[in-house]
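Colleague: Dropping a structure here in structure tokens format, bear with me for questions.
The values are calculated or read from the model by the stated rules, or taken from the named source; none is laboratory data. Nothing here was measured: the structure is a model prediction, and the numbers come from that model. Note that each Cβ is placed from the backbone with ideal geometry, even for glycine, and that neighbours are counted across all protein chains shown.
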Amino acid sequence: MKTQILKPTEENILLAKEKILNSQVVAIPTETVYGLAANAFDDAAVKNIFTIKGRPMDNPLIVHICDENMLNEIVKDFSPTAKKLAEVFWPGPLTMVLPKSDKVSDSITCGLSTVAVRMPSDLAALKLIRTCAVPIAAPSANLSGKPSPTSASHVMADLNGKIEIILDGGECEVGLESTVVNVLEDEVEILRPGKIAIDDFLKVVSKVKLDDGVFSKQSEDKKVKSPGMKYTHYSPEANVIMVKATLSEFCKYVSKNADEKTGVLVFENEKSLFNIPCFTYGNEFSPDEQATRLFSALREIDENSLGTIFARVPKKDGVGLAVYNRLLRACGFEIITLNDVVVVGLTGQTGSGKTTLCTEFEKKGAAVINCDLVAREVITLPDVIEKLVDNFGEEILDGEQINRKALAKLVFTNEENMIFLNHLMYPPIVKHINKRIKSLKAQGYKYIVLDAPTLFESGANMLCDVIVSVVSDEALRLDRIMIRDNMTKEAALERIKAQKTSDFYTSRADYVIENDKGIDKFLEQTAVVVDKIIQ
Ligand code: TXA
Ligand code: MG
């Protein structure tokens with residue numbers, strides 16, 4: 001059989017319809033991943049899906065619909081909570097498990113009394129369902145055990161010669177399969193996390209539960225709520241191991257444990273740090289990007305016949321939970337934790353409110369390292385003083401020590417001098433911060449906060465597990481600096497000009513706190529972030 005990749009034009013959608021209504025199986029794009037589509041009311045076609053994919057016979061399929069009429073054909077009962085969820089999230093990446101009608105056969109549900117239903121938002125998918133005028137059963141269009149396909153070429157790699165048509169809708173927008181939920185009264189139970197995340201559900205229902213299968217391996221003979229969750233799935237050829245550590249520890253661990261068949265799976269912004277095969281899955285601070293990239297990255301890994309892949313661990317907020325869940329499955333639930341202490345990097349512009357935030361962390365038992373103070377210590381080290389005098393001359397000396405004001409004058413007015421100073425100072429500063437972290441760990445602190453205005457510039461971000469940026473409006477910062485440091489407007493403006501933009505901080509943070517709307521709002525946001533980090 002020849003497999004063709006076709007654009008979802010009017011004509012090709014009609015061609016796909018003809019195939020589907022003639023018991024054939026066709027690959028289609030959706031906003032999550034590509035699906036392997038058949039007429040849900042055609043038993044022979046549905047069985048064919050299982051054969052083509054090599055799918056275990058006890059793993060039921062999702063039925064895709066395009067309107068309420070189709071929904072009423074396949075479900076027996078549509079509760080008020082389900083209705084509310086549909087209103088908010090359909091069409092979109094949400095699958096609800098609902099009581100099935102008699103029209104839905106056991107070959108779809110594998111004997112369960114429920115059916116999983118979803119209305120996709122991808123326009124080509126919706127159009128195809130509408131044109132076929134039957135509900136469409138469709139699992140992800142990969143061979144069982146491979147990552148779900150997020151492009152037509154992924155489908156081709158798995159199913160070339162097994163199906164006639166792949167409709168090519170380009171790269172999938174979400175990149176991970178839909179969120180699958182059980183709907184209870186005013187509550188959802190997440191069976192498989194996805195783009196629609198806990199916080200999204202909490203806007204519609206009062207309670208959200210996570211099924212055990214999200215974080216732990218379910219035994220294959222156990223009766224689980226969502227059969228798909230008991231299979232490892234997404235399992236690359238290489239042995240993928242997640243290593244939970246700060247970036248700096250991760251690098252050390254990799255260089256100690258790598259052999260010639262080892263690679264890494266890291267965030268986009270980290271690839272320059274490795275000189276072994278390196279695969280990336282999006283920016284560290286963009287869970288959405290990680291979601292769209294993860295499955296492609298796992299497929300790329302497969303093309304490189306490697307033995308072991310050490311992977312960086314994504315954050316579990318929002319769609320990050322789904323990214324984490326899929327990677328955990330790719331790892332066969334193998335995760336190495338190098339420390340159980342959380343290092344929080346706290347940064348932002350001068351005058352944005354970092355000190356207040358530090359106090360809130362301290363109230364919860366965290367230790368704070370003031371990195372400006374560390375810098376002041378470093379500048380008293382004899383070898384640092386020697387190099388500074390070599391470059392700037394004796395005029396910066398005050399007795400044996402550096403006259404910081406004189407030095408500041410030289411660097412704030414001359415960019416080259418500033419660069420020299422930073423290059424000289426940052427490495428020993430980071431080394432000293434690291435020493436402090438170790439000593440605080442030894443004292444038993446579980447949370448350590450780095451109060452670090454130049455967290456990223458110095459590279460101290462590599463020591464952190466989580467990063468919080470505090471930003472605020474320029475005019476407000478100006479006022480704060482003038483009062484706090486007793487400065488003229490001109491001097492304060494000079495200081496602000498030397499700082500990075502808010503965007504610099506927000507794009508590199510796990511959490512952003514905006515300090516523009518008064519102390520109450522600031523403390524409110526602070527409490528939420530501190531609670532999320534300190535658990
Ligand atoms: O985004 C998606 O959901 C994609 C696209 C194509 O729509 N489809 C997809 O299908 O991921 P599949 O078959 O790969 O995953 C369906 C998941 C499986 O984990 C399955 O066990 C679960 O949904 N499921 C299906 N019917 C169920 C039911 N009645 N009760 C509980 N879980 C069910
Ligand atoms: Mg699948």
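Colleague: What residue, among those in the range 208-245 that are within 14 Å of residue 329 (Cα to Cα) and among the hydroxyl-bearing types (Ser, Thr, Tyr), is modelled with the lowest pLDDT?
Modeller: Once the filter is applied, the top-ranked residue is 232.
Colleague: Taking the conditions exactly as written (closer than 30 Å to residue 515 by Cα, modelled with pLDDT of 95 or more, part of a loop (DSSP other than H, G, I, E, B) and out of contact with any Lys or Arg (no Cβ under 6 Å at 6 or more places or on another chain)), does residue 426 satisfy them or not?
Modeller: Values: closer than 30 Å to residue 515 by Cα: yes; modelled with pLDDT of 95 or more: yes; part of a loop (DSSP other than H, G, I, E, B): no; out of contact with any Lys or Arg (no Cβ under 6 Å at 6 or more places or on another chain): yes.
Judged against the criteria, residue 426 is not a match.
Colleague: Look at the range 441-477 and say how many of its residues are surrounded by fewer than 18 Cβ atoms within 10 Å (Cβ to Cβ), under 17 Å from residue 352 (Cα atoms) and not charged (D, E, K, R).
Modeller: 2
Colleague: Which count do you get for residues in the range 130-146 that are more than 31 Å from the chain's Cα centre (by Cα), aliphatic (A, V, I, L, M) and closer than 19 Å to residue 95 by Cβ?
Modeller: Result for the range 130-146: 1.
Colleague: Please go through the range 496-513 and pick out each residue that is surrounded by fewer than 18 Cβ atoms within 10 Å (Cβ to Cβ) and in contact (Cβ under 8 Å) with a residue 12 or more places away in the chain.
Modeller: 496, 498, 500, 504, 506, 507, listed by residue number.
Residue by residue, here is whether (1) among the β-branched types (Val, Ile, Thr); (2) under 31 Å from the mean Cα position of the chain (by Cα) holds:
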site	(1), (2)
2	no, no
5	yes, yes
14	no, no
29	no, yes
38	no, no
55	no, yes
58	no, yes
63	yes, yes
67	no, no
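Colleague: Only one of 350, 380 is modelled with pLDDT of 95 or more and polar (S, T, N, Q); which? Let's see the steps before the verdict.
Modeller: On the way: 350 fails: modelled with pLDDT of 95 or more.
It is 380.
Colleague: Here is a further query. Quick test for you: out of 247, 298, pick the one residue that is more than 23 Å from residue 212 (Cα to Cα), within 16 Å of ligand 2 (Cβ to nearest atom), in contact with a Leu (Cβ under 9 Å, 6 or more places away or on another chain) and not charged (D, E, K, R).
Modeller: Values: 247 fails: within 16 Å of ligand 2 (Cβ to nearest atom).
Selected residue: 298, the only one of 247, 298 that is more than 23 Å from residue 212 (Cα to Cα), within 16 Å of ligand 2 (Cβ to nearest atom), in contact with a Leu (Cβ under 9 Å, 6 or more places away or on another chain) and not charged (D, E, K, R).
Colleague: Only one of 51, 32 is within 16 Å of ligand 1 (Cβ to nearest atom) and touching a Cys at 6+ places or on another chain (Cβ under 9 Å); which?
Modeller: Just a single option satisfies the conditions, and that option is 32.
Colleague: Further question: Hey, could you check the range 181-194 for residues that are in a loop (DSSP other than H, G, I, E, B) and within 14 Å of ligand 1 (Cβ to nearest atom) and say which is nearest to residue 129 (Cα to Cα)? Please lay out each step first, then the result.
Modeller: To start, the set of residues in the range 181-194 that are in a loop (DSSP other than H, G, I, E, B) comprises 185-186, 193-194.
So of that shortlist, the ones also within 14 Å of ligand 1 (Cβ to nearest atom) come out as 193-194.
Details: 193: 25, 194: 23 Å.
By that ranking, first place goes to 194.
Colleague: For the range 466-494, what are the residues that are under 30 Å from residue 246 (Cβ atoms) and in a helix (DSSP H, G or I)?
Modeller: 477
Colleague: Residue check: is residue 250 buried (at least 18 other Cβ atoms within 10 Å of the Cβ) and in a helix (DSSP H, G or I)? Walk me through how you get there before you give the answer.
Modeller: Details: buried (at least 18 other Cβ atoms within 10 Å of the Cβ): yes; in a helix (DSSP H, G or I): yes.
Yes.
Colleague: Could you give every pair whose Cβ atoms fall below 7 Å, whose first residue belongs to the range 360-373 and is within 13 Å of residue 454 (Cα to Cα), and whose second residue is assigned to a loop (DSSP other than H, G, I, E, B), counting only separations of at least 6 or pairs across chains?
Modeller: Final answer for the pair search is 371/452; 372/453.
Colleague: Among strands (runs of 3 or more DSSP E) lying entirely in the range 277-370, which contain 3 or more residues that are aliphatic (A, V, I, L, M)?
Modeller: Hits in the range 277-370: 342-348, 367-370.
Colleague: Moving on to the next point. Restricting to the range 201-216, and then to whatever is more than 15 Å from residue 79 (Cβ to Cβ) and touching a helix residue (DSSP H, G or I) at 6+ places or on another chain (Cβ under 6 Å), can you tell me which residue is surrounded by the most Cβ atoms within 10 Å (Cβ to Cβ)?
Modeller: Per the stated criteria, the residue is 213.
Colleague: Another question, then. Would the range 179-193 turn up any residue that is surrounded by fewer than 16 Cβ atoms within 10 Å (Cβ to Cβ), of a type outside the set (Asp, Glu), farther than 25 Å from residue 293 by Cα and at pLDDT 90 or above?
Modeller: Within the range 179-193, one or more residues are surrounded by fewer than 16 Cβ atoms within 10 Å (Cβ to Cβ), of a type outside the set (Asp, Glu), farther than 25 Å from residue 293 by Cα and at pLDDT 90 or above.
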